[in-house]
Amino acid sequence: MAGGDAAADLDVLIVSLGSTGGLRAADAELAGSLQRAGVSVAVASATAPRSVRTLALTDLFWALAARRAASAQLARRTPRAVIYSSTTAALLWPRPGAIRFDAPAAGNRPGRHGLWQRPLERRRLGQTPLLLPLSEGGLREVPLPARRNTGRALVLPVSIEASGVESVSRDIDAITYAANPRKKGLDRVLEAWRRARGPAEELLVAGVNERELRRAGLELPEQGVRVTGMLARDEYRALLRRARVFVCAPRREDYGQAQLEALADGCQLVTTAAPGPYAALPLARELDPRLVSEDLAGALRIALDEATPDYAARAWQALAPYRRDTVDRLVAERLLPRLLA
């Protein structure tokens, strides 16, 4: 695939927002797929800005950081194509490119939270040569004028693989991932766990530390819950391989990468339904509809007491559209011909 424009010294530049561990992992997977397809790839990673109080300011600072990262690479390299990882990364782009996203600000930045982002996003989504939503649900949230031409869109999920050999003994009762605890509905998970847990059972809360929980107005029960803080990715996935249940109750879910990873590592998924393009939700309903319920405590007890014996094996089969070899074929056969045309 290399070649084409004689002035280009790089095939694809990925502008990585990388504001979460999941986004960084998704960008690394995409870069790997592109390289396996035979193209040269560089990643321009935004430097995390300082924390601010509002989502509107947070998005502005991240958009500026992405612009700086992209501009620095473009000053040195001439890529044939640019992929912006998230609509936020594309808002202040120095050069048009494809936009890969879980959900647009039109869906996840209502009211004052997206006051400046939504109109600029509409313009960028109309200007991009290629929309790369992670799911069909994400594409449906794109404003209608930008998605009328379906030839500009290609659903490109994140590659999901098991992280290692399954643990012989699943000695962790339940685990949840709670970075951004309000959005993840950690308060609802903790209340359900308080009602559901047996005397010796324990819930692990990953992705957040106790100080962040206090700042979010959450108090942990005295027993039955342990906070791990933010872990290295390998450490976190090792915990998934030991856990029986992954539990969550998001107030909105833009994709559900943590839930898909939990399924890949053999956890049962206990969840409430949530608005947003929640890709893991139909899989959870297909695998065991009893575990998708507003009665989160009852669903937890079912998962802990009445686990379906072949749940993990069926989950692995259901994840076939997300596995690396499937995404690699999608990248080689459908993405690159459009991206480098």
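A compact table of results
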quantity	calculated
Rounded to whole Å, sorted largest first: equivalent-ellipsoid semi-axes of the range 172-321, Cα gyration tensor	22, 17, 15
Charge dipole (the chain, unit charges on Cβ, about Cα centre) - positive-most of 151, 262, 185	151
The chain: most fluctuating residue of 50, 323, 124 per GNM, C-alpha cutoff 10 Å	50
Cα gyration tensor, the range 182-262 - rounded (a/c under 1.5), prolate or oblate	rounded
Within a Gaussian network of the chain (alpha carbon springs, distance under 10 Å), most fluctuating of 199, 49, 129	199
Overall Cα dimensions of the chain - principal axes, largest extent first, Å	67, 41, 35
Using alpha carbons only: equivalent-ellipsoid semi-axes of the range 136-212, gyration tensor based, whole Å	36, 19, 11
Inter-label distance, nm, simple model (7 Å from Cα along the C-beta direction), residue 194/residue 285	3.0
Anisotropy class of the range 248-325 from Cα gyration tensor, a/c 1.5 cut	oblate
Sum of -39500 (n - 2.57) over DSSP H runs of 4+, divided by residues of the chain (222 nm, nearest 500)	-11500 deg cm²/dmol
Gyration tensor over alpha-carbon atoms, the range 94-185, equivalent ellipsoid semi-axes in Å	33, 19, 11
Positive-pole candidate from 209, 239, 133, dipole of the chain, charges at beta carbon	133
D (Stokes-Einstein, µm²/s), Kirkwood Cα radius, the range 49-141, 1.567 mPa s at 4 °C	96
Cα lying deepest toward the dipole's positive end in the range 1-110, options 46, 81, 13, charges on Cβ	46
Unit charges on C-beta of K, R, D, E only; dipole of the chain, Debye	1540
Cα-centred dipole magnitude for the range 172-321, charges only on beta-carbon of K, R (+1) and D, E (-1), debye, nearest 20	340
Computed over the range 5-63, Kirkwood Rh from alpha-carbon pairs, angstrom	13.1
Set of the range 218-254 residues, backbone N closer than 14 Å to the point 7 Å along the Cα-Cβ line of residue 48	229-233
Scaled radius of gyration (Cα, divided by 2.2 N^0.38 Å) that the range 43-90 gives	1.21
GNM top mover of 308, 54, 271 - the chain, alpha-carbon springs below 10 Å	54
Charge dipole (debye, nearest 20) of the range 193-241; +1 at Cβ of Lys and Arg, -1 at Cβ of Asp and Glu	140
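Each value in this text was obtained by applying a stated rule to the coordinates, not by laboratory testing. Values in this document were obtained by computation on a predicted structure and should not be read as measured data. Positions of Cβ are backbone-derived with ideal geometry, glycine not excepted, and every protein chain shown enters the neighbour counts.
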